[in-house]
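Some notes on the structure that comes next.
The values are calculated or read from the model by the stated rules, or taken from the named source; none is laboratory data. These figures come from a predicted structure and were not determined experimentally. All Cβ positions, glycine included, derive from the backbone under ideal geometry; neighbour counts span all protein chains shown. Ligands, DNA and RNA are excluded from the accessible area calculation, which covers all protein heavy atoms including side chains. Shrake-Rupley method; radii C 1.70, N 1.55, O 1.52, S 1.80 Å.
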Amino acid sequence: RNTAAKGAIESALFDAVGKTFGVPASALLGGALRDSVPVLWTLASGDPAQEIEEAERKLEARLHRTFKVKIGAQAPAADMVRMRHLAQALEGRATLIVDANQAWDETTSARCLPELHEMGVALVEQPVPAWNIAAMARLRARPGTPPLLADESVFTPQDMAVVGAAGAADAVSLKIVKHAGLIGLRNTAAVAEAFGVALYGGCLLESSVGAAAHLQAFATLRRLDWGCEHFGPQILVQDLVTEPLRFADYEIHLPTGPGLGVTLDPDKLRAFART
């Protein structure tokens, strides 16, 4: 599909056209409806003690109060023990989301999803393989299942229509690298809204450039019920832009310049270039 490459090229074109006309890329998509988006942080070490400490630091700094926990690498029983530690430690102070990354089959999911619901987990991402949309629909219909988030199941608007018609998801993760650009992201979001599926801003740990491109699209969506996960710029040793994106009060803020709103630092670009 080469969707990531197509998304990179389209993002660059939106940046070029926006800078040519002196307007943000969001204006080329109909105009921004918000200037910031709630942003979550991912916990993925597998060590609940370390993850609780990490979450506490983010809460204290007012950077994040929603945490997505990556599970599936360990046995399901171990993941449930880990999640109980996190849920108890952060109860009443943070929202927990889980990403199983397609690791479970339907039987395992049917056993574990009610446990996660009982712990207060707000959303579970892609518990079963992307192709198994029928299983997602059956799981979603079971009592005690928390809301389900489709990610790898949805690349195109047509994928979204199949998932929506099957009743297989409560929300969909939107990513430029999946949808081949800002326009594809918006089109997929439009189909999701038509089916009553909520929107979630996904990421693949992009730099400020990729995050800014997503924010330009996210800002134009009528609703973004689950916020986004664009924390990538915070984990880089160095970014590629002259002015980093702003994270404050649990939100990531839309850059205000023309195009994508960020400016490449030519010195850093040369330093990190590979021949």
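Return yes or no: is Leu224 in contact with a Lys or Arg (Cβ under 7 Å, 6 or more places away or on another chain) and open to solvent by 10 Å² or more (accessible area, probe 1.4 Å)?
It is false that Leu224 is in contact with a Lys or Arg (Cβ under 7 Å, 6 or more places away or on another chain) and open to solvent by 10 Å² or more (accessible area, probe 1.4 Å).
What tally of residues in the range 177-200 results from selecting those that are open to solvent by less than 50 Å² (accessible area, probe 1.4 Å) and among the polar types (S, T, N, Q)?
Number of matching residues: 1.
Please verify whether Ala248 is surrounded by fewer than 20 Cβ atoms within 10 Å (Cβ to Cβ) and modelled with pLDDT of 95 or more, treating the condition exactly as stated.
The answer is yes for Ala248.
Could you tell me how many of the residues in the range 105-131 are farther than 27 Å from Leu224 by Cβ and touching a helix residue (DSSP H, G or I) at 6+ places or on another chain (Cβ under 7 Å)?
The qualifying residues number 5.
Can you name every residue in the range 37-89 that is open to solvent by 40 Å² or more (accessible area, probe 1.4 Å) and outside any helix (DSSP H, G or I)?
Pro38, Ala44, Ser45, Asp47, Ala61, Arg62, Arg65, Lys70, Ala73, Gln74, Ala75
Quick one: would you say Ala141 is open to solvent by 30 Å² or more (accessible area, probe 1.4 Å) and over 20 Å from the mean Cα position of the chain (by Cα)?
Answer is yes for this residue.
Just give me the residues in the range 116-138 being outside any loop (DSSP other than H, G, I, E, B) and either on the phi > 0 side of the Ramachandran plot or touching a strand residue (DSSP E or B) at 6+ places or on another chain (Cβ under 7 Å) (or both), in sequence order.
Leu116, Leu123, Val124, Glu125, Met136
Examine the range 126-134 for a residue that is farther than 27 Å from Gln158 by Cβ and open to solvent by 10 Å² or more (accessible area, probe 1.4 Å), and state whether such a residue exists.
No, every residue in the range 126-134 fails to be farther than 27 Å from Gln158 by Cβ and open to solvent by 10 Å² or more (accessible area, probe 1.4 Å).
Taking only pairs six or more apart or across chains, which ones have beta-carbon atoms under 9 Å, a first residue in the range 245-268 that is on the phi > 0 side of the Ramachandran plot, and a second residue that is among the β-branched types (Val, Ile, Thr)?
Pairs that qualify, where the first residue is on the phi > 0 side of the Ramachandran plot and the partner is among the β-branched types (Val, Ile, Thr), are Tyr250/Val39; Tyr250/Thr66; Gly259/Val17; Gly259/Thr20; Gly259/Val23.
Report, ordered by the first and then the second residue, all pairs with beta carbons closer than 8 Å, sequence separation of six or more or different chains, a first member in the range 160-176 that is open to solvent by less than 40 Å² (accessible area, probe 1.4 Å), and a second member that is among the basic types (Lys, Arg).
Gly167/Arg140; Ala168/Arg140; Ala169/Arg140
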